[in-house]
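**Student:** Can you keep this structure in mind? I'll have questions shortly.
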Amino acid sequence: LETRIAGDSEKKMAEIKCVGVVGAGQMGSGIAQLAATNGLDVWLMDADRDALSRATAAISSSVKRFVSKGLIAKEAGDDAMHRLRLTSNLQDLCSADIIVEAIVESEDVKKKLFKDLDGIAKSSAILASNTSSISITRLASATQRPSQVIGMHFMNPPPIMKLVEIIRGTDTSDETFIATKALAERFGKTTVCSQDYAGFIVNRILMPMINEAFHTLYTGVATKEDIDSGMKHGTNHPMGPLELADLIGLDVCLSVMKVLHQGLGDSKYAPCPLLVQYVDAGRLGRKRGIGVYDYRNATQKPLT
Ligand code: NAI
């Protein structure tokens with residue numbers, strides 16, 4: 001039976017020629033770039049036209065940097081840019097073999113999108129979510145194809161980070177799981193598989209650490225620089241937790257903490273008041289020029 005499933009999934013994989021991505025923010029644009037540079041046709045959709053313009057500029061300069069560093073050939077870079085199509089019309093994703101959702105981290109908004117995607121996507125298409133924490137089973141319940149719904153959680157920035165966490169909802173089929181894993185491997189990623197509980201593996205462990213770094217700052221134990229330096233040099237992390245929170249987006253960190261708090265029912269996951277206050281103030285991190293740190297007068301080094 002396993003051989004047959006693997007065979008069927010390989011067939012499905014061979015059939016993945018076109019990837020749809022919804023949400024052209026920092027994650028969606030990176031996922032679209034990965035798919036295009038790996039020889040797939042891509043439709044990248046966003047409701048906000050300015051986000052599409054920013055994504056085109058970001059992908060184009062990132063691909064140029066990959067070419068100049070010799071990580072991809074010039075022809076492959078040019079080919080990737082030709083494979084990439086941008087749209088603000090969801091209907092254009094009807095030809096995609098897999099659609100990866102990377103919109104705002106809100107269960108209600110994602111559920112509405114999954115319902116709409118179910119209506120426009122090919123009947124054979126896989127619907128994947130890049131959610132950081134939201135239940136795949138609940139997103140799947142908004143569709144008539146729960147066996148073809150799965151979590152495909154890339155790390156930030158997707159073209160660089162090695163991991164894709166794959167989350168199986170209650171009804172995700174083996175075929176969907178194997179085809180999604182194979183696609184992540186085609187992108188050169190290492191995969192891990194998580195069951196569908198709040199925060200999955202990585203954010204269940206990472207976000208409470210980031211939240212604790214906020215508490216450490218909030219209660220005046222140390223400065224932001226010393227908290228980050230302590231964790232960088234003391235535990236060999238490449239970035240401190242507060243710098244990392246700014247990279248992820250403080251709004252995303254807060255949403256994940258709320259999902260952990262609600263989903264696991266333990267007060268240890270309550271979001272730190274300082275994190276809440278920064279988000280209320282619009283200090284969302286690098287993407288807004290200010291978060292824990294102020295980037296407005298600094299030249300930001302590109303990440304990809
Ligand atoms: P972002 O804020 O950079 O981008 C989100 C984009 O989605 C925006 O361009 C927005 O216009 C668009 N959008 C919102 N609602 C939409 C809709 N209904 N239809 C079409 N487009 C819509 O957010 P980011 O950081 O890219 O995160 C996206 C998702 O990826 C979230 O679920 C987040 O939890 C997850 N994620 C984020 C990571 C991070 O480090 N930021 C890492 C891994 C996952």
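Bear in mind that the values in this text are calculations on the coordinates, not laboratory data. From a predicted model like this one, the values you see are computed outputs, not experimental measurements. Note: ideal-geometry Cβ built from the backbone for every residue, glycine included; neighbour counts use all protein chains shown.
**Student:** Which of Ile150, Ile290, Ile227, Ile205 comes first, and how do the rest follow, when ranked by fewest Cβ neighbours within 10 Å?
**Tutor:** Working: Ile150 28, Ile290 18, Ile227 21, Ile205 10.
Placing the least packed residue first, the sequence is Ile205, Ile290, Ile227, Ile150.
**Student:** Let me ask another. Where the centre of each part is set by its Cα atoms, how far does the range 84-159 sit from the range 214-280, in angstrom?
**Tutor:** 28 Å
**Student:** So what's the net charge close to Gln33: Lys and Arg +1, Asp and Glu -1, counting the other residues with Cβ under 14 Å from its Cβ? Intermediate results must be reported in sequence, preceding the final value.
**Tutor:** Numbers: positive: Arg54, Lys64, Arg65, Arg83, Arg85, Lys189; negative: Asp41, Asp78, Asp79.
Net charge in that neighbourhood comes out at +3.
**Student:** Where the only charges are on Cβ atoms (+1 Lys, Arg; -1 Asp, Glu), what is the dipole of the range 94-238 about its Cα centre, to the nearest 20 debye?
**Tutor:** Details: 15 positive and 17 negative charges, 42 e Å.
Here the size comes out at about 200 debye.
**Student:** Tell me, what is the percent relative contact order of the range 203-288, built from C-alpha pairs under 8 Å that lie six or more residues apart? Could you put the intermediate results ahead of the total?
**Tutor:** Working: 89 pairs, mean separation 27.7, N = 86.
About 32 percent, as a whole number.
**Student:** Can you sort Glu105, Glu175, Glu225 by how many other beta carbons sit within 10 Å, fewest first?
**Tutor:** Values: Glu105 21, Glu175 18, Glu225 12.
With the fewest neighbours first, Glu105, Glu175, Glu225 line up as Glu225, Glu175, Glu105.
**Student:** Sticking with this one: Please compute the length gained on full extension between Asp48 and Arg296, using 0.36 nm multiplied by the number of residues separating them and subtracting their Cα-Cα distance. Walk me through the numbers before you get to the answer.
**Tutor:** Numbers: separation 248, 0.36 × 248 = 89.28 nm, distance 2.33 nm.
Additional length available on full extension: 87.0 nm.
**Student:** What is the dipole size for the range 124-209, taken about its Cα centre, with +1 at each Lys and Arg Cβ and -1 at each Asp and Glu Cβ, in debye to the nearest 20? Show your work: numbers first, answer last.
**Tutor:** Values: 8 positive and 6 negative charges, 37 e Å.
The dipole of the range 124-209 has a size of about 180 debye.
**Student:** Going by how many other beta carbons lie within 10 Å of each one, how would you line up Ile31, Ile72, fewest first? Present the calculation step by step, with values, prior to reporting the outcome.
**Tutor:** Working: Ile31 27, Ile72 17.
The most exposed by this proxy come first: Ile72, Ile31.
**Student:** Stretch Ala281-Arg85 to full length: gain in nm at 0.36 nm per residue minus the Cα-Cα span? Write down the numbers at each step before the final one.
**Tutor:** Numbers: separation 196, 0.36 × 196 = 70.56 nm, distance 3.49 nm.
In short, 67.1 nm is gained.
**Student:** Another question about this same structure. Dividing the convex hull volume of the Cα atoms of the chain by its residue count, what figure in Å³ per residue is obtained? Can you show the working numbers first?
**Tutor:** Numbers: hull volume 42.3 nm³, N = 304.
Hull volume over Cα atoms, normalised by residue count, gives 139 Å³.
**Student:** In nm, to one decimal, how far is the modelled label at Asp78 from the one at Leu264, with both set 7 Å along Cα→Cβ?
**Tutor:** With each label placed 7 Å out from Cα toward Cβ, I get 5.0 nm.
**Student:** Determine, from the Cβ-Cβ distance of Glu107 and Glu185 and an R0 of 30 Å, the FRET efficiency 1/(1 + (r/R0)^6), rounded to the nearest 0.05. Intermediate results must be reported in sequence, preceding the final value.
**Tutor:** Numbers: r = 29 Å, r/R0 = 0.97.
The computed FRET efficiency comes out at 0.55.
**Student:** Considering the dipole of the range 203-288 built from charges on the beta carbon (Lys and Arg +1, Asp and Glu -1) around the Cα centre, which of Ala222, Leu242, Gly265 is farthest to its positive end?
**Tutor:** So the residue furthest toward the plus end is Gly265.
**Student:** Once you charge only the Cβ atoms, +1 for Lys and Arg and -1 for Asp and Glu, what is the size of the charge dipole of the chain about its Cα centre, to the nearest 20 debye?
**Tutor:** On the way: 35 positive and 35 negative charges, 99 e Å.
Dipole size: approximately 480 debye.
**Student:** Just to confirm a number: summing +1 for Lys and Arg and -1 for Asp and Glu over residues other than Glu105 whose beta-carbon lies under 10 angstrom from that of Glu105, what do you get?
**Tutor:** Numbers: positive: Lys110, Lys258; negative: Glu107, Asp251.
Its environment carries a net charge of 0.
**Student:** Going Cα to Cα from Lys122, which lysines come in below 28 Å? Please leave out same-chain ones fewer than 8 positions away.
**Tutor:** Filter leaves Lys11, Lys12, Lys17, Lys110, Lys111, Lys112, Lys181, Lys189.
**Student:** Along its three principal axes, how long is the range 197-304 when you only count alpha carbons? Whole Å, largest extent first please.
**Tutor:** So the three principal-axis extents are 41, 31, 30 Å.
**Student:** Net charge near Asp266, counting Lys/Arg +1 and Asp/Glu -1 over other residues with Cβ under 15 Å of its Cβ?
**Tutor:** Net of charged neighbours comes to +2.
**Student:** Find which of Ser141, Leu113, Gly39 sits farthest along the positive direction of the dipole of the chain, computed with +1 on the beta-carbon of Lys and Arg, -1 on that of Asp and Glu, about the Cα centre.
**Tutor:** Of the options given, the answer is Gly39.
**Student:** List residues of the range 18-60, by number, whose backbone nitrogen lies under 18 Å from a label position 7 Å along Cα→C-beta of Ile120.
**Tutor:** 18-25, 28-29, 32, 41-53
**Student:** Please report the relative contact order for the chain, taking Cα pairs under 8 Å with a sequence separation of at least 6, and give it as a percent rounded to a whole number. Walk me through the intermediate numbers first.
**Tutor:** Working: 530 pairs, mean separation 43.1, N = 304.
Relative CO of the chain lands at 14 percent.
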